[in-house]
1. Among the residues of the stretch 73-81, is there at least one that is closer than 21 Å to residue 38 by Cβ, under 14 Å from the mean Cα position of the chain (by Cα) and touching a residue at least 12 places away in the same chain (Cβ under 8 Å)?
2. Kindly provide the set of residues from the stretch 56-107 that are buried (at least 17 other Cβ atoms within 10 Å of the Cβ) and either assigned to a loop (DSSP other than H, G, I, E, B) or in contact with a strand residue (DSSP E or B) (Cβ under 8 Å, 6 or more places away or on another chain) (or both), ordered by number.
3. Please enumerate the residues belonging to the stretch 108-127 that are in contact (Cβ under 8 Å) with a residue 12 or more places away in the chain and part of a loop (DSSP other than H, G, I, E, B).
4. For residue 132, which of the numbered conditions (1) over 21 Å from residue 59 (Cβ atoms); (2) part of a helix (DSSP H, G or I); (3) modelled with pLDDT under 95 fails to hold?
5. Can you name the number of the only condition in (1) under 18 Å from residue 122 (Cα atoms); (2) touching a strand residue (DSSP E or B) at 6+ places or on another chain (Cβ under 6 Å) that residue 30 fails?
6. Scanning the stretch 26-37 for residues that are out of contact with any helix residue (DSSP H, G or I) (no Cβ under 7 Å at 6 or more places or on another chain) and surrounded by 12 or more Cβ atoms within 10 Å (Cβ to Cβ), which turns out farthest from residue 58 (Cα to Cα)?
7. Looking at (1) out of contact with any helix residue (DSSP H, G or I) (no Cβ under 8 Å at 6 or more places or on another chain); (2) within 22 Å of residue 64 (Cα to Cα); (3) surrounded by 13 or more Cβ atoms within 10 Å (Cβ to Cβ), find the lone condition where residue 48 falls short.
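The values are calculated or read from the model by the stated rules, or taken from the named source; none is laboratory data. Values in this document were obtained by computation on a predicted structure and should not be read as measured data. All Cβ positions, glycine included, derive from the backbone under ideal geometry; neighbour counts span all protein chains shown.
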């Protein structure tokens, strides 16, 4: 397995685990990360779909899977943490713009959650800028194709 395929797989694990955890656990343990608090603009920091459960599941599963593809567990956890930080940044910006939780926003939903973790492991894994671009592009395509399917099967909350 090439490093590009391995990192794409790890990216899908890091970002997909919170969704799969939601399918399995439904609303159990779904405590919003922002605790329902509002920012200065009277909008949520992140929204109810960003949960402690999602962060913990992403970090745990990604750290467990990483060694299976030749990446140290700690690097897998850092990778997942950066993916989740990218996702939280996107959500924070979307709330400031008044965009509903889980509403697809082209680029804003895919780029931060893919580039943050890739940059975090770039020097450790010796990734080129071309590798990063290719992995991000493929990730974006997979996200664009899978998001409507996940919404259809209620894995993602539909925006109103």
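1. Taking every residue of the stretch 73-81 in turn, none turns out to be closer than 21 Å to residue 38 by Cβ, under 14 Å from the mean Cα position of the chain (by Cα) and touching a residue at least 12 places away in the same chain (Cβ under 8 Å).
2. The answer is 71, 95, 99, 101, 102.
3. Answer for the stretch 108-127, where residues must be in contact (Cβ under 8 Å) with a residue 12 or more places away in the chain and part of a loop (DSSP other than H, G, I, E, B): 108, 109, 110, 127.
4. So the condition that residue 132 fails would be (3).
5. Every condition holds for residue 30 apart from (1).
6. Here the residue is 34.
7. (2)
Yes or no, residue by residue, for (1) free of Cβ contacts under 8 Å to residues at least 60 places away in the same chain; (2) assigned to a loop (DSSP other than H, G, I, E, B):
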{"position": "8", "(1), (2)": "no, no"}
{"position": "14", "(1), (2)": "no, no"}
{"position": "48", "(1), (2)": "yes, yes"}
{"position": "53", "(1), (2)": "yes, no"}
